[in-house]
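Note sheet for the following structure.
What follows draws every value from the coordinates through simple rules; no lab data is involved. Please read these numbers as outputs of a predicted model, since none were measured by experiment. Heads up, the Cβs are rebuilt from the backbone with ideal geometry, glycines too, and the neighbour counts pull from every protein chain shown.
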Amino acid sequence: MRISKRLILSSIFACLLLTAFAQEQDSTSVEIAISESNVVDDRNAVLSSAAFVFDYGKLLGFVLPTEMKYEAGLQLDFWDKLIVAGEYGMATLEPNVAYINTGYVSEGYYYRGGIGYKLPMKPGNNMFLSFRYAQSHFSDKGTVKVASASGIYDDLSIPFERKDQTATWYEVVLSSEKQVWKGLHLGFHVRIRVMGEYEEQEPLDTFSIPGFGRTYSQVLPALNLYAKYAIQW
């Protein structure tokens, strides 16, 4: 039985077309798989954002005669869930009602660090719950004025100064913020500060600790206003 050349050529051409079509389909499948793999990798990125945080509420100290404060920090978000935050600040405190007949100044620097969890919110809004450890390094000084009740003697001024003091405390922080423009957010921290340890002084104890506040209570609430600029992935 003879097979014509035309039939043989037609069969070979059909096989070539089928082979080319199959290769094209395999190439498309590979491209789709690679694309899907890239999407999965982006979604599973470990570091989701890095941000610089500035406490603009501290700028009120420029118009207050009793204090001067500066504070800024960094925040890293991992998997869009876990946050790691660090803060550094400096303060000079001159409370008017520290002690009777006593001028008082406390100044130094402090830092905080801790971890937290990002609570689910609608797009453009964020809320965080975090726990932080804080430490302050400071000095305080003042002058005690002793007046003569009878007026017979001159008034007496006794200066004092304590250097190289430290204090530690712990904080529970609830933060809420809203995106106002691209990576710019405005928000606030509600802090509950719990004193850990500091060395009490005699005869006049430390009145104010930079970063913590007044020592009359072991637990102090605080509210901070901040601006944050975040670079997101």
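Just a few scattered comments:
- When the alpha-carbon atoms of the stretch 159-233 are used, the pair Rg, Dmax equals 17.2, 56 angstrom.
- Maximal additional length on extending the residue 84-residue 52 stretch stands at 10.3 nm, based on 0.36 nm per residue less the C-alpha distance.
- Contour minus Cα-Cα distance for residue 190 and residue 60 (0.36 nm per residue): 45.0 nm
- Applying a DSSP loop filter and a limit of 14 other Cβ atoms within 10 Å to the GluC sites (Glu not before Pro) in the stretch 173-233 leaves 199, 200.
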